[in-house]
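Below is one structure; the comments refer to it alone.
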Amino acid sequence: DMQPGDVTDIPIKYAGNWYILRRGDAVPKTFEEAKNELLVSLRNRRSYAEALKIATKAQDRLKETKDPQKVAQELASEANMTPAEMVRETPYIKPGDDVKDIGANQQFEQAVGALNNPNDVGESTGIKGGFAIPMLVDKKEPRIPEFDEVRTQISKSVKEQRAKDQLEQKAKELAASVT
């Protein structure tokens, strides 16, 4: 709904970041000018479809064999990866954890959360840079953490919250000065 030159009235918070938007003028492009962007878009769609096909095949084979190393050996050349790059193991995780090479991903958390028994295989899930197929190796029951664990986590959380609050305040001040 914005017109060229308009600026958003208030900062917009999205994915933990703050944005102030200004709409520029519309720039029509000829086919020749847009050709490279269209080619990149087409290549991205094709590579996504191919990656999904490989991930589905890997998920099916993993459910059959329950052997991630064997499946990685079978599909490594097709995925243009080494078996070691295809199989990754995480330490114990809980909801909200930042998983190495995956990050904080709700779809991945849901796929992992559905696994209850060792060797259960989850659904392939889109992650940054491809797909992940979770497989449960071991599960620990909830426990009462040690004091040092809690102290470290709370200290980190308080520092992060203070930084976010300061950033939010600065964004509001900047937005107020713009209007």
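The values are calculated or read from the model by the stated rules, or taken from the named source; none is laboratory data. Nothing here was measured: the structure is a model prediction, and the numbers come from that model. When we count neighbours, we look across all protein chains shown, and the Cβ atoms used for this are built from the backbone with ideal geometry, even at glycine. When the accessible area is computed, the model is the full protein with side chains, heavy atoms only, and any ligands, DNA or RNA have been set aside. Shrake-Rupley method; radii C 1.70, N 1.55, O 1.52, S 1.80 Å.
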Would you check the accessible area of Met2, probe 1.4 Å, heavy atoms only, in square angstrom rounded to 10?
60
Table column - 3J(HN,Hα) (Hz), the stretch 100-115, Karplus curve with 6.51, -1.76, 1.60, x for Gly and Pro:
4, 6, 10, x, 8, 9, 5, 5, 5, 4, 5, 5, 5, x, 7, 8
Would you mind getting the accessible area per residue of the stretch 1-128, heavy atoms of the protein chains only, 1.4 Å probe, in Å²?
76
Once every DSSP H run of n ≥ 4 in the chain is given -39500 (n - 2.57) and the sum is divided by its residues, what mean residue ellipticity at 222 nm do you get, rounded to the nearest 500 deg cm²/dmol?
-17000 deg cm²/dmol
Please list 3J(HN,Hα) in residue order for the stretch 49-56, calculated via the Karplus relation 6.51 cos²θ - 1.76 cosθ + 1.60 where θ = phi - 60°; whole Hz, with x for glycine and proline.
4, 5, 5, 5, 4, 5, 5, 5
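Roughly how many percent of the accessible protein surface of the chain is carbon and sulfur, given a 1.4 Å probe and a whole-percent answer? Let's see the in-between values first.
Details: 7510 of 14240 Å².
In the chain, the share of accessible area belonging to carbon and sulfur is 53 percent.
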Exposure rule at most 12 other beta-carbon atoms within 10 Å, DSSP loop GluC sites (Glu not before Pro): the chain longest free segment:
1-88
Can you list, bin by bin at 5 Å, the percent of alpha carbon pairs in the stretch 80-179, starting at 0?
2, 10, 14, 17, 13, 12, 12, 8, 6, 3, 2, 0
Which distance in Å, rounded to a whole number, links the C-alpha centroids of the stretch 51-100 and the stretch 151-169?
35
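If the limit is 31 Å between Cα atoms, which of Lys35/Lys70; Lys57/Lys94; Lys35/Lys170; Lys63/Lys164 go over it?
Those over the limit are Lys35/Lys70; Lys35/Lys170; Lys63/Lys164.
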Kindly write out, for the stretch 81-91 in residue order, the coupling ³J(HN,Hα) from the Karplus curve 6.51 cos²θ - 1.76 cosθ + 1.60 (θ = phi - 60°), rounded to whole Hz, with x marking Gly and Pro.
9, 8, x, 5, 6, 7, 9, 10, 10, 10, x
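List the chymotrypsin sites (Phe, Trp or Tyr not before Pro) in the stretch 88-168 that DSSP assigns to loop (not H, G, I, E or B) and whose Cβ has at most 15 other Cβ atoms within 10 Å. Which are they? Present the calculation step by step, with values, prior to reporting the outcome.
On the way: sites: Tyr92, Phe108, Phe131, Phe147; in loops: Tyr92.
Counting only loop positions with at most 15 other Cβ atoms within 10 Å, the chymotrypsin sites (Phe, Trp or Tyr not before Pro) in the stretch 88-168 are Tyr92.
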Between Ile127 and residues 5 or more places away or on another chain, which pairs have amide H atoms under 5 Å apart, with H built 1.01 Å from N, and which residues are they?
Ala132
Here the averaged projected area of the chain, based on the convex hull of its alpha-carbon atoms and given in nm², is 15.6
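Do you know the relative contact order of the stretch 85-158, to the nearest whole percent, from alpha carbon pairs under 8 angstrom that are 6+ apart? Present the calculation step by step, with values, prior to reporting the outcome.
On the way: 68 pairs, mean separation 15.6, N = 74.
Relative contact order here is 21 percent.
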Could you list which residues have their amide H under 5 Å from that of Met135, counting only those 5 or more apart in sequence or on another chain, with H placed in the peptide plane?
Gly122
Mean-square fluctuation maximum in Gaussian network of the chain, Cα pairs under 10 Å, restricted to Gly24, Gly126, Gly103, hits Gly24
Size of the dipole of the stretch 104-172 about the Cα centre, Lys and Arg at +1 and Asp and Glu at -1 on the beta carbon, nothing else charged, in debye to 20?
460
